[in-house]
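Student: Can you keep this structure in mind? I'll have questions shortly.
The values are calculated or read from the model by the stated rules, or taken from the named source; none is laboratory data. Just so it is clear, the model here is predicted, and its values are computed rather than measured. Virtual Cβ from ideal backbone geometry, glycine too; neighbours counted across all protein chains shown.
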Amino acid sequence: MTATPNQPQISEPPDILALLRAHAEEYWLLSHVLPVLRELERPTSVPDEELGAALAYLEVLWLDACRRAAETDAAYARLAPAEAQRDRLLYERARRYHAAVRRLRVVVGRRVARRTRLPDDAFGSQHAHH
């Protein structure tokens, strides 16, 4: 968050930041990646002459999803047991949300790998073991 002259910079607690990053990643996967993937998975939904462009677009979306996953995992890595002492409920929600988003990214990653030339572990496996 950028501070303005009249507004001090506010730093979110790690549990809030982890929740926000997980939500942003989940939103990206569900609203951007999955619709394109579903379209490509339906037989004859994309004309042959447009298939290459559609697959390239999916790869670009996926690369952005990988960047978002790294940001989510970095936010999660900043969670510490001290957060559990401050607000146990929020800490547990951040942990569970992160785990759910990791599972989603693995499932979507496998589906993307089946449609593209990207390796199966280009996303899901690489970020799933935290």
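Student: Only one residue in Val60, Val106 is within 12 Å of Val33 (Cα to Cα) and among the hydrophobic types (A, V, I, L, M, F, W, C). Which one?
Tutor: So the residue among Val60, Val106 that is within 12 Å of Val33 (Cα to Cα) and among the hydrophobic types (A, V, I, L, M, F, W, C) is Val60.
Student: If you don't mind, there's one more thing I want to ask. When Leu58 is evaluated against the numbered criteria (1) modelled with pLDDT of 95 or more; (2) in contact with a His (Cβ under 9 Å, 6 or more places away or on another chain); (3) more than 16 Å from Glu26 (Cα to Cα), which criterion, by number, is the only one it fails?
Tutor: With respect to (1) modelled with pLDDT of 95 or more; (2) in contact with a His (Cβ under 9 Å, 6 or more places away or on another chain); (3) more than 16 Å from Glu26 (Cα to Cα), Leu58 is out only on (2).
Student: Taking the residues in the range 69-83 that are closer than 12 Å to Ile16 by Cα and not charged (D, E, K, R) as candidates, determine which candidate is nearest to the chain's Cα centre (by Cα).
Tutor: Among them, the one singled out is Thr72.
Student: OK, next. Residue check, Ala69 against (1) among the hydrophobic types (A, V, I, L, M, F, W, C); (2) out of contact with any Asp or Glu (no Cβ under 9 Å at 6 or more places or on another chain); (3) under 27 Å from Leu40 (Cα atoms), all met but one. Which one?
Tutor: (2)
Student: Of all residues in the range 36-54, count the ones that are assigned to a helix (DSSP H, G or I) and either under 24 Å from the mean Cα position of the chain (by Cα) or among the small types (Gly, Ala, Ser) (or both).
Tutor: Total satisfying the criteria: 9.
Student: Now for a different question. Could you tell me whether the range 72-90 includes any residue that is surrounded by fewer than 19 Cβ atoms within 10 Å (Cβ to Cβ), part of a helix (DSSP H, G or I), modelled with pLDDT of 95 or more and touching a helix residue (DSSP H, G or I) at 6+ places or on another chain (Cβ under 9 Å)?
Tutor: yes
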